[in-house]
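The values are calculated or read from the model by the stated rules, or taken from the named source; none is laboratory data. Note that the structure is predicted; figures quoted are calculated from it, not measured. Note that we place each Cβ from the backbone using ideal geometry, even for glycine, and neighbour counts take in every protein chain shown. With ligands, DNA and RNA removed, areas are computed over all heavy atoms of the protein, side chains included. Shrake-Rupley method; radii C 1.70, N 1.55, O 1.52, S 1.80 Å.
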Amino acid sequence: MKTTLKTAGWYHVMAAVTVMIWGTTFVSTKVLIKYGLSPVDILFYRFLLAYICIWFFSPRVLRAKSWQDELRFVGLGLCGGSLYFVAENTALGMTLASNVSLIICTTPVLTALLAPFFYKGDKLKARLVGGSLIALIGVGLVVFNGSFILQLSPVGDILTLAAALMWAFYCLLLRRMNTHYPTLFITRKVFFYGLLTLLPLFFVSPLQMDTHILFQPVVVLNLLFLGVIASMLCYIMWNTAVKQLGVVCTTSYIYVVPLITLLTSAIVIDETITIVALLGSALILSGVYIAERGVGKKK
């Protein structure tokens, strides 16, 4: 289906809404950890809920068209599921959250840099590079919110960079699969292989199955939010946006995540927003706009 200027606006809204929701998931994750679930437990249950829900909507076909494509789906489940979340959540326990937020926001730059190696027709454009750099500077200002203290933790920071690379690979691989399979089928496969590749970790740290913990209303509500909204719905919207807008354009919206976190913190827990953070917010929005204009029509 050809993307017109009018319909493209809806796909931009999908990408923006997705990153807004993802920008609030850290709160739910922290609540669940407080109630006794590990990050791996949380990922397992949110992907399990997402898989069960999407099964009712996706095509009933079980296997891909070829074993090569099936392996690519395994790669999607690893890069966009288990490896990404395990690396990011482990890093959060080893380095500052601000470091993680900043490094994760290198994903659009990494995606743009890697795209020409995956797809010969793609070329880096000055607008794209310039807009990405402007947005990345803005991210730094928002993340530190006027307090320029960078605490280096090599292992945690390297794990975060690995997570950013995983998401870049996920989006680039997703672009290839989008031309051959429906979005719902792809998304269901991501959840399935995300769950499957997560299972070996439970030999090291057993899955939390205490019903007294899992059936507490707060735990149930947060898992439903993470599984149904932040996973099933958001992955469908994100995968659709990548299919229609292109991988580089869609990933540029990741720069907005720290801005959403900043605003949410100010509203919910009365954190102060400094002039530096406001300047950073303006740079993020300007950079995303410039980068999006520099993507062109190449998908």
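Evaluating Gly138 against the criteria (1) at pLDDT below 80; (2) under 18 Å from the mean Cα position of the chain (by Cα) leaves one unmet condition, (2). Note on the stretch 161-195: residues that are open to solvent by 50 Å² or more (accessible area, probe 1.4 Å) and over 16 Å from the mean Cα position of the chain (by Cα) total 6. The set of residues from the stretch 6-37 being closer than 30 Å to Val204 by Cα, open to solvent by less than 30 Å² (accessible area, probe 1.4 Å) and not aliphatic (A, V, I, L, M) comprises Gly23, Thr25, Ser28, Thr29.
Identification of helices (runs of 4 or more DSSP H) wholly contained in the stretch 182-299 with 2 or more residues that are at pLDDT 75 or above and within 29 Å of Val40 (Cα to Cα) yields 183-196, 211-214, 217-224, 234-245, 247-251. Every test in (1) at pLDDT below 75; (2) closer than 15 Å to Ala164 by Cα; (3) open to solvent by less than 40 Å² (accessible area, probe 1.4 Å) is passed by Leu92 save one, and that test is (3). Examine the stretch 73-86 for a residue that is open to solvent by 40 Å² or more (accessible area, probe 1.4 Å), free of Cβ contacts under 8 Å to residues at least 60 places away in the same chain, out of contact with any Phe, Trp or Tyr (no Cβ under 6 Å at 6 or more places or on another chain) and in a helix (DSSP H, G or I), and state whether such a residue exists. Within the stretch 73-86, not a single residue is open to solvent by 40 Å² or more (accessible area, probe 1.4 Å), free of Cβ contacts under 8 Å to residues at least 60 places away in the same chain, out of contact with any Phe, Trp or Tyr (no Cβ under 6 Å at 6 or more places or on another chain) and in a helix (DSSP H, G or I). Residues that are open to solvent by less than 30 Å² (accessible area, probe 1.4 Å) and small (Gly, Ala, Ser) within the stretch 196-239 comprise Gly227, Ala230, Ser231, listed in sequence order.
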